[in-house]
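Data first, discussion second: the structure below is written as structure tokens.
Values quoted throughout were computed directly from the atomic coordinates according to the rules given, and no laboratory measurement underlies them. This is a predicted model, so every value here is computed, not measured. A quick note on method: Cβ atoms are made from the backbone with ideal geometry, for glycine too, and the neighbour counts reach across all protein chains shown.
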Amino acid sequence: MGTLGTVAEQDARDDELGEEEIVERIFEAIIDQRLPPGTKLSEAALCEAFGVGRMRIRQSLLLLASREVVELLPNRGAYVASPSAEQAREVFEARLMIEPNVARLAAERATDESLRMLDRHLRLEHEAHHGNKRRDAIRLSGQFHVLLAEIADNAVTLRMVKELVTRTSLIIGIFGSPGVSNCRDEDHDEIFEAFRTRDPEAAARLMSAHLRRIQENLELSGPAEGASDLVAIFRK
């Protein structure tokens with residue numbers, strides 16, 4: 001009986017979500033603006049939502065904290081990060097150092113299939129912007145930058161861009177104007193045109209101008225805390 005119990009327990013553990021999948025789903029919720037800055041990430045609620053044990057949730061929160069999208073506060077628990085105005089400036093400094101070069105490399109390495117993929121993605125962006133779907137617009141705008149990093153085909157920069165895009169989504173949610181995504185699809189169209197004409201230097205220059213424009217449109221004032229139903233967000 002004891003052996004059967006041990007096997008059943010092992011099978012249950014094998015069915016649990018892994019830390020990386022949990023991290024990716026929380027990442028996605030942050031990018032989608034379903035988890036506002038300052039949201040408390042209750043371990044008990046996350047255990048219920050994902051159907052896993054407390055240790056797995058703690059490991060997932062540690063991974064998120066290492067990427068600076070979650071803050072672990074002593075004796076208070078975990079919260080979605082609420083970046084300050086200075087931290088927002090630092091994120092854009094990092095993006096300006098990395099992404100123009102990513103755009104340059106991606107423009108050099110883009111295939112015909114890559115261009116078709118970007119074209120399809122931009123159509124979705126246009127629909128979100130013109131339909132005043134701010135959450136979708138923010139998510140798709142961030143994904144555009146991740147797609148460029150994927151086309152550049154460098155695993156290190158791809159990971160960095162993913163993390164910076166996630167943090168920027170938080171920043172736009174806090175400091176951006178309520179009715180807009182702060183990332184103009186016209187800018188992405190111009191970058192895409194540089195890809196289509198195989199002009200890496202133009203792609204780099206346009207990316208730099210694009211990131212500066214996003215930063216200039218932010219209203220760098222204090223963030224407000226939020227609250228969300230974690231079980232409702234994550235339970236399938």
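Which of the trypsin sites (Lys or Arg not before Pro) across the stretch 75-133 are loop residues per DSSP, with 14 or fewer other Cβ within 10 Å?
Hits after loop and neighbour filter: 76, 133.
In the stretch 91-160, if the dipole is taken from +1 on Lys/Arg beta carbons and -1 on Asp/Glu beta carbons about the Cα centre, which of 148, 129, 94 is farthest to the positive end?
In the stretch 91-160, that residue is 129.
7 Å from Cα along Cα→Cβ at both residue 89 and residue 72: what's the point-to-point distance in nm?
With each label point 7 Å from Cα toward Cβ, the separation is 3.0 nm.
Among residues other than residue 198 whose Cβ falls under 13 Å from its Cβ, what is the net charge (Lys/Arg +1, Asp/Glu -1)?
For residues surrounding residue 198, the net value is -2.
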